[in-house]
Amino acid sequence: MAILSDRWIREQALSHQMIEPFEDGQRRAGCISYGLSSYGYDARVSDEFKIFTNVDNAVVDPKDFASNSFVDRKTDVCIIPPNSFALARTVEYFRVPRDVLVICLGKSTYARCGIIVNVTPLEPGWEGHVTLEFSNTTPLPAKIYANEGACQFLFLQGNEPCETSYADRAGKYMGQRGVTLPRL
């Protein structure tokens, strides 16, 4: 496996729509940075959030996800309650090549505030908006800024294409749009 550079990411984004919309370079004036970096891509979080609450004493169950365990918000600034979390999605839509694995990591700007973005892979052949999980590990409310940088994606290329891609096995999160809840 080799980590892929900005040159490779740019070429794939522009010629194969690997990332749409694509920001060719870092944007940082007055915001949390996003766009193409040296060896990755900093994606933005959209303005659609599912904020978890325990008003109805719901239980978080990945096999039977209760819709009363969260509230939906469309907002420029999401406030995550203390010791809680929210789901969101990337602004960007990704199409992962068959010989590439993408790893999503949180940005240090948020981590330094106690806000953790779940580390997750984007498998070869997967496409869609990435559902992001933000955990507020602090005892205080925390802000997430829509349309600004939220996480970084690193692109790793295998020595050869995988035998069975996410698309080949019709993965349950293939082609997801919007914030996607857990599925069986």
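Here are some notes:
- Flag for Val117 being in contact with a helix residue (DSSP H, G or I) (Cβ under 7 Å, 6 or more places away or on another chain), modelled with pLDDT of 95 or more and not small (Gly, Ala, Ser): yes
- Scope the range 148-163; condition under 21 Å from Gly175 (Cα atoms) and either of a type in the set (D, E, K, R) or in a loop (DSSP other than H, G, I, E, B) (or both); matching residues: Pro161, Cys162, Glu163
- Any hit, the range 83-96, residues being under 18 Å from Tyr173 (Cα atoms), modelled with pLDDT of 95 or more and of a type in the set (Phe, Trp, Tyr): yes
- Residues located in the range 84-116, provided they are polar (S, T, N, Q) and free of Cβ contacts under 8 Å to residues at least 24 places away in the same chain: Ser108
- Beta carbons closer than 7 Å, at least 6 apart along the sequence or on distinct chains, pair a first residue in the range 168-184 that is of a type in the set (Asp, Glu) with a second that is at pLDDT 95 or above and surrounded by 15 or more Cβ atoms within 10 Å (Cβ to Cβ) for Asp168/Gly125.
- Residue list for the range 48-78, restricted to those being exposed (fewer than 15 other Cβ atoms within 10 Å of the Cβ) and among the aliphatic types (A, V, I, L, M): Val55, Val59, Val60, Ala66, Val71, Val77
- Among the residues of the range 44-55, those identified as more than 11 Å from Ala88 (Cβ to Cβ) and either assigned to a loop (DSSP other than H, G, I, E, B) or touching a residue at least 40 places away in the same chain (Cβ under 8 Å) (or both) are Thr53, Asn54, Val55.
- Which numbered condition Asn159 misses (of (1) surrounded by fewer than 16 Cβ atoms within 10 Å (Cβ to Cβ); (2) polar (S, T, N, Q); (3) closer than 22 Å to Pro82 by Cβ): (3)
- Tally, over the range 95-136, of residues that are out of contact with any Phe, Trp or Tyr (no Cβ under 9 Å at 6 or more places or on another chain), of a type in the set (Val, Ile, Thr) and either in a loop (DSSP other than H, G, I, E, B) or farther than 14 Å from Cys151 by Cα (or both): 1
- Qualifying position, being farther than 23 Å from Lys143 by Cβ and not in a loop (DSSP other than H, G, I, E, B), among Ala13, Ala86: Ala13
The values are calculated or read from the model by the stated rules, or taken from the named source; none is laboratory data. Because the structure is predicted, anything quoted here is derived from the model rather than measured. Note: ideal-geometry Cβ built from the backbone for every residue, glycine included; neighbour counts use all protein chains shown.
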